[in-house]
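What follows is a single structure, written as C-alpha cells, with notes after it.
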Amino acid sequence: MPDLSVKAQTDRGATAVSRLRDLLGAESVLSGEDIPIRNLQDWSTLGPTAPIAVVRPADSQGVATTLRVAAEHGIAVVPQGGLTGLAGGARPIEGGLALSLERLVGIEEIDAAAGTMTIRAGTTLQAAQEAAEAAGFFFPLDLGSRGSCSIGGNIATNAGGNRVIRYGMAREMVLGLEVALPDGTLLSSMNKMLKNNVGYDLKQLFIGSEGTLGVVTRAVMRLYPPPSSTMAALCGVSSYEAALALLASARTALGPLLSAFEVMWDDYWMVAMRASKARRPLSGRHAYYVLVEAQGSAASDEGKFDAWLENLAERPLVDDAAVARSIGDVKAFWAARDAAAEFRQVLGPHASFDIGLPVAAMDAYAQACRRELTTRIPGCVSVFYGHIADGNMHIIACAPGAPVQPLDEIDEIVYRLVGEYSGAISAEHGVGLKKKPFLSVSRNPREVALMRTIKQAIDPKGTLNPGKVL
Ligand SMILES: Cc1cc2nc3c(=O)[nH]c(=O)nc-3n(C[C@H](O)[C@H](O)[C@H](O)COP(=O)(O)OP(=O)(O)OC[C@H]3O[C@@H](n4cnc5c(N)ncnc54)[C@H](O)[C@@H]3O)c2cc1C
C-alpha cells in the first residue's frame, strides 16, 4: 500500500501530473491557481480541501488512464460528478487528484425498441430527463439537484428522490454499466436486456459504492412510457396512524398509479410556509400534512383518483384536503415539500439527515429525537419530513443563533436513536465521510469485514477515494 500522507503524495504527485498532461493534453489537467473553486468541496458542510490537480478527461479511456497513472504513482483519486452530494464523498483529498467527469457528457443513443438510453457519466440528470422526453419516453429518476447532479453521481450514490415508491431507486434503472477500475482497466458491461442472469451481476457492486470501487464512465438506463396525467392531493391529518391508514388505502385503490406519498410533520410545515413564497395550499393547522401523487397512463386513471378521494370522504381519515386541478397546483404542492432547500434562509446553518426507519416506527422516532434534541441542546429546532412509504425520513436540526452549531451532539443523538429503532444511517445520500463514524450503527462487523475484503480485492493499493465509506 502506498503512503497516502499529504507530503508523500505531493512529492510523487508532480511526476504523475506531468505524465497525465502528456497523455491527456494540458486542457485536461488543471493545477495550482487554475483549479476551479467548485472542485474543492461538495454540498456537505465539511469545507474545502485542495487536490494537487483536477483531471477532466473527455472520454472513458481518459478516465481509465488517469486511474492507471494514479495507481502507478500511489496518488489518491476522488471521482467528482455534479458535486451535489451531501455526505462528503466527492470532497477531494489534499495532495491527491480530483477526477471530474464534467467533460464526459452526452447521450450516445436512445434505443426505442429496447426502451433504453446510453449515456455518458457526466451528463446532468436534467439533460437525461429532457432527452428522454424529446424521444417520447419518461426517465423517472428525479431529485431537487437535477440541474447539477450527474448520472454517474446518481449511480454511484444509488440516488432515490421523489418517485421511488413507483419506479425504485437509481439501481432499478441501470441495465448496463461501463466502469474504470482502480488499476486503469475499463470494464464494459453495457447490457440492454431486462433479463440477464449470466453469473454475478457485477454492475451491482459499483452502484451505490460512492466511487470507492470504480469510476462510472457510461451507462445504459431504462426508459418508461411517459405518464399521460398527474393527479395530486394535499391532506391534513391529525395522527400518524391516520397517515398510515391513508397510505394503505392509496396503495389498495391506486395500485401502480401511486407515484409519491410524502409526509410532513407540523414542525416542518411551519418552517416551510415561512421559507416558501408560494401561497398556502392548505388552510388551518394539522399535525401531519400528506402529499399524495398518482401518475396515470389511461384516460380512466383520473377517474380512479377522484373515486379514491370521494371514498375517503366517507372515512374519518383526513381532516382537510386540497386537490390539484392543474399542473400548476401539483407544482404548488411540491413547492411546500421542496422548500427544505430554502431552510438555510429561515433557520441559518443546520445539520440535515436522511435516515431509514421501519415505516411504523417513524413517528415514535420523531418524538424521541425531538425530545432529546430539545432537552440536551438549549434552543434546538428540529423538523421532520420524508418519503415515508420508502421508510425514508429527513431531519433538519440546528440551534438558531448559536455562535457554533452543535453538529457533533446533534449527530450523536440522531444516529444513536437510529440504532435503537433498527434504522439505517443513510437512506439515500450515502456514507461518504460524514457518516463513516456511525457505520457500525447500521452494519454489523461481518458486513463491514466483507466490504473491506471487496475493497481490498478491487483496489489493493487503496488509491480510489480512500477514507470514504469504510
Ligand atoms: C438540493 C438537493 C436535493 C437533493 N435531493 C436528493 C434526493 O432527493 N435524493 C437523493 O438520493 N439525493 C439527493 N441529493 C443528493 C445528491 O444530489 C445525490 O447524492 C446525487 O446523486 C449526487 O450526484 P453528483 O453528480 O452531484 O455526485 P457528487 O456529489 O459529485 O459525488 C457523489 C459521490 O459519488 C461519487 N461519484 C460521482 N461521480 C462518480 C462517477 N462517475 N463514478 C463513480 N463515483 C462517482 C463521488 O466520489 C461521491 O462519493 C440532493 C442534493 C441537493 C443539493
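The values are calculated or read from the model by the stated rules, or taken from the named source; none is laboratory data. For clarity, every value in this text was computed on a predicted model and none was experimentally measured. No Cβ is skipped: glycine too gets one built from the backbone with ideal geometry, and neighbour counts run over all protein chains shown. Surface areas here come from the heavy atoms of the whole protein model, side chains and all, with no ligands, DNA or RNA. Shrake-Rupley method; radii C 1.70, N 1.55, O 1.52, S 1.80 Å.
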query = Do any trypsin sites (Lys or Arg not before Pro) in region 178-241 lie in a DSSP loop with no more than 15 other beta carbon atoms within 10 Å, and if so, which?
reply = Lys195
request  = Could you give the size of the charge dipole of the chain about its Cα centre, using +1 on the Cβ of each K and R and -1 on the Cβ of each D and E, expressed in debye and rounded to the nearest 20?
outcome  = 540 debye
Long-range HN-HN contacts of Phe138 with modeled amide H, under 5 Å = Tyr224
ask   = Counting pairs of alpha carbon atoms under 8 Å apart in space and at least six apart in sequence, what relative contact order in percent does the chain give?
value = 15 percent
message = Rounded to whole Å, give me the distance from the Cα center of region 50-89 to that of region 328-393.
response = 34 Å
task = With a 1.4 Å probe and every protein chain left in place, tell me how much accessible area Ile37 has, in Å² to the nearest 10.
result = 140 Å²
key: Selection from Gly161, Ala64, Gln80 lying farthest towards where the dipole of the chain points positive, charges on Cβ   = Ala64
request  = Working with all protein chains in place, sort Val330, Val404 by solvent-accessible area computed with a 1.4 Å probe, largest first.
outcome  = Val404, Val330
request  = Name the residue farthest towards the positive end of the dipole of region 351-470 from the options Gly419, Val431, Leu357, assuming +1 on Cβ of Lys and Arg, -1 on Cβ of Asp and Glu, about the Cα centre.
outcome  = Val431
ask   = To one decimal place, what orientation-averaged projected area in nm² is obtained for the convex hull of the Cα set of region 331-470?
value = 10.4 nm²
query = Counting pairs of Cα atoms in region 389-470, how many percent are more than 18 Å apart?
reply = 53 percent
query = Taking Cα pairs under 8 Å and at least six residues apart, what relative contact order does region 1-110 come out at, in percent?
reply = 34 percent
task = Please calculate how many Å² of accessible area the chain carries per residue, with a 1.4 Å probe and no DNA, RNA or ligand atoms counted.
result = 42 Å²
query = How large is Rg/Rh for region 145-256, to two decimals, with Cα atoms and a Kirkwood Rh?
reply = 1.09
query = How long is the gain from Ala248 to Ser283 if the chain were fully straight, where each residue apart is worth 0.36 nm and the alpha carbon distance is subtracted?
reply = 10.1 nm
ask   = With respect to the cross-link table entries Lys435/Lys455; Lys7/Lys461; Lys192/Lys331; Lys192/Lys468, which display a Cα-Cα separation exceeding 29 Å?
value = Lys192/Lys331; Lys192/Lys468
task = Go ahead and run the numbers for FRET between Lys195 and Glu109, Cβ-Cβ distance against an R0 of 30 Å, rounding to 0.05.
result = 0.90
note = Simple SL model, points at 7 angstrom along Cα→Cβ for Gln204 and Ala449; separation in nm is 2.2 nm
query = Mean 1/r over all different Cα pairs, inverted: what Kirkwood radius does the chain give, in Å?
reply = 23.5 Å
message = Would you work out the Kirkwood radius for region 60-218? I mean one over the mean of 1/r across all pairs of different Cα atoms, in Å.
response = 15.9 Å
Carbon and sulfur %, accessible surface of the chain computed with the full protein complex present, 1.4 Å = 54 percent
